[in-house]
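Peer 1: Below is the structure I would like to discuss, written out as structure tokens.
Rule-based calculations on the coordinates, nothing more; no lab input. This structure is a prediction, so every number in the text was calculated from the model and none was measured. Neighbour counts run over all protein chains shown; Cβ positions are idealised from the backbone, glycine included.
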Amino acid sequence: MSLTLYELTGKDDRRFSPYCWRIRMALAHKGLAADFVAVHFTDKDTIAFSGQGKVPVLVDGATTVSDSFEIACHLDDNHADRPALFGNEIARGEARLINHWTNSVLHALIQPLVIDDIYQHLAEADRAYFLETRSPRFDRPFDQVQARRETDVVALRSALTPLRLTLAEQPYLAGGTPAFADYIVLGAFQWARSISPFKLLEDDDPVRAWRDRVLSAFGRAGYATTAYDA
């Protein structure tokens, strides 16, 4: 059965959506091959068949699924013969907590650090849309927001303490092997790494070592697209 993943792209084919990266890694985890279709912010018609306007969108045979967490659930439920992303309902419930924390806390801390880098890496056709939809979140232009990142990154690094404590006891957030909980958090760092040379994680940070381990899994699936070595 054929699989197609529609995912966000910028100029120079930068695949920078944190949500799409979750599914790229989920597919690699399950050993499922897929066609990857690049979608720009303003390419709403391309994914109109999904009944909504956001990526990722996964087409699995005759089934279309949107929302990264729902796609992961679909993959586990419908490809149960492949390695599990959650393992059981308890793990799925715990991954939902990590999903909401990443979406509401981690993304909010990362976005101001790379907001102008995102803008600079967009296709020209997407820039007006990005300005219209993202500017209201900030009290100053993108370049001025990002100019404070050497100071603002301290708050991000502090917020990662629970991850460091977890990784001191086990190699992955999910335990002895990576699972969807890891890919949720990884997606946030891939978001930044795909469009920004700014180093969010210091070289000796255990979170960076974990990030690099997950990137290298499944034949270095996390290195499959253009990104910075940040």
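Peer 1: Long-range amide H contacts for Val57: which residues qualify at under 5 Å (H placed 1.01 Å from N, peptide plane, sequence gap of 5 or more or a different chain)?
Peer 2: Amide H neighbours of Val57, under 5 Å, 5+ apart: Tyr6.
Peer 1: Can you pull a Stokes-Einstein diffusion coefficient for the chain at 20 °C (1.002 mPa s), Rh from Kirkwood over Cα pairs, as a whole number of µm²/s? Working shown, then result.
Peer 2: Values: Rh = 18.1 Å.
Answer from the Stokes-Einstein relation: 118 µm²/s.
Peer 1: Counting each DSSP H run of 4 or more residues in the chain as -39500 (n - 2.57), what helix-only mean residue ellipticity at 222 nm follows after dividing by all residues, to the nearest 500 deg cm²/dmol? It would help to have the intermediate numbers written out before the result.
Peer 2: Details: 10 runs with 113 residues, N = 230.
Counting only the DSSP helices, I get -15000 deg cm²/dmol.
Peer 1: Percent of Cα-Cα pairs per 10 Å bin, from 0 to the last occupied bin, for the range 140-209, please list those.
Peer 2: 17, 49, 26, 8, 1
Peer 1: Positive end of the charge dipole of the chain (Lys, Arg +1 and Asp, Glu -1 on Cβ, about the Cα centre): tell me which of Tyr172, Phe49, Tyr19 has its Cα farthest that way.
Peer 2: The residue sitting most towards the positive pole is Tyr172.
Peer 1: So, R0 is 35 Å and r is the distance between the beta-carbons of Asp204 and Val105; what FRET efficiency does that work out to, to 0.05?
Peer 2: Values: r = 23 Å, r/R0 = 0.67.
Rounded to the nearest 0.05, the efficiency is 0.90.
Peer 1: Need the full-extension length gain, Asp67 to Leu32, defined as separation in residues times 0.36 nm minus the C-alpha distance. One decimal, nm. If you can, show how the numbers build up before the last one.
Peer 2: Values: separation 35, 0.36 × 35 = 12.60 nm, distance 1.84 nm.
Difference between extended and current length: 10.8 nm.
Peer 1: Strictly greater than 19 Å: what percent of every Cα pair in the range 92-195 meets that? Please report the intermediate quantities before stating the final value.
Peer 2: Working: 2702 of 5356 pairs.
More than 19 Å apart: 50 percent of the Cα pairs in the range 92-195.
Peer 1: Something else now. With a sphere of radius 13 Å drawn around the Cβ of Tyr6, what net charge do the other residues whose Cβ falls strictly inside it have (Lys, Arg +1; Asp, Glu -1)? Intermediate values should be presented prior to the final figure.
Peer 2: Values: positive: Arg15, Arg24, Lys44, Lys54; negative: Glu7, Asp35, Asp43, Asp45, Asp60, Asp67.
Once positives and negatives cancel, what remains is -2.
Peer 1: Restricting to DSSP loop positions (anything but H, G, I, E, B) with no more than 16 other Cβ atoms inside 10 Å of their own Cβ, which trypsin sites (Lys or Arg not before Pro) remain in the range 149-223? Spell out each step's value before the answer.
Peer 2: Values: sites: Arg149, Arg157, Arg164, Arg193, Lys199, Arg208, Arg211, Arg213, Arg220; in loops: Lys199.
For trypsin sites (Lys or Arg not before Pro) across the range 149-223 that sit outside H, G, I, E and B with at most 16 neighbouring Cβ atoms in 10 Å, the list reads Lys199.
Peer 1: Hey, can you grab everything whose amide H is under 5 Å from the amide H of Tyr172? Only 5+ residues off in sequence or another chain; H modelled, so Pro and N-termini drop out.
Peer 2: Residues meeting the amide H criterion: none.
Peer 1: Long-range amide H contacts for Leu85: which residues qualify at under 5 Å (H placed 1.01 Å from N, peptide plane, sequence gap of 5 or more or a different chain)?
Peer 2: Close amide H contacts, sequence-distant or interchain: none at all.
Peer 1: Rounded to the nearest 20 Debye, what is the dipole magnitude of the chain about its Cα centre when Lys and Arg each give +1 and Asp and Glu each give -1 at the C-beta? Let's see the in-between values first.
Peer 2: Numbers: 25 positive and 31 negative charges, 42 e Å.
The calculation lands at about 200 debye.
Peer 1: Relative contact order of the chain, please, whole-number percent, based on alpha carbon pairs below 8 angstrom and at least 6 residues apart.
Peer 2: On the way: 317 pairs, mean separation 61.1, N = 230.
Once divided by the residue count of the chain, the mean separation gives 27 percent.
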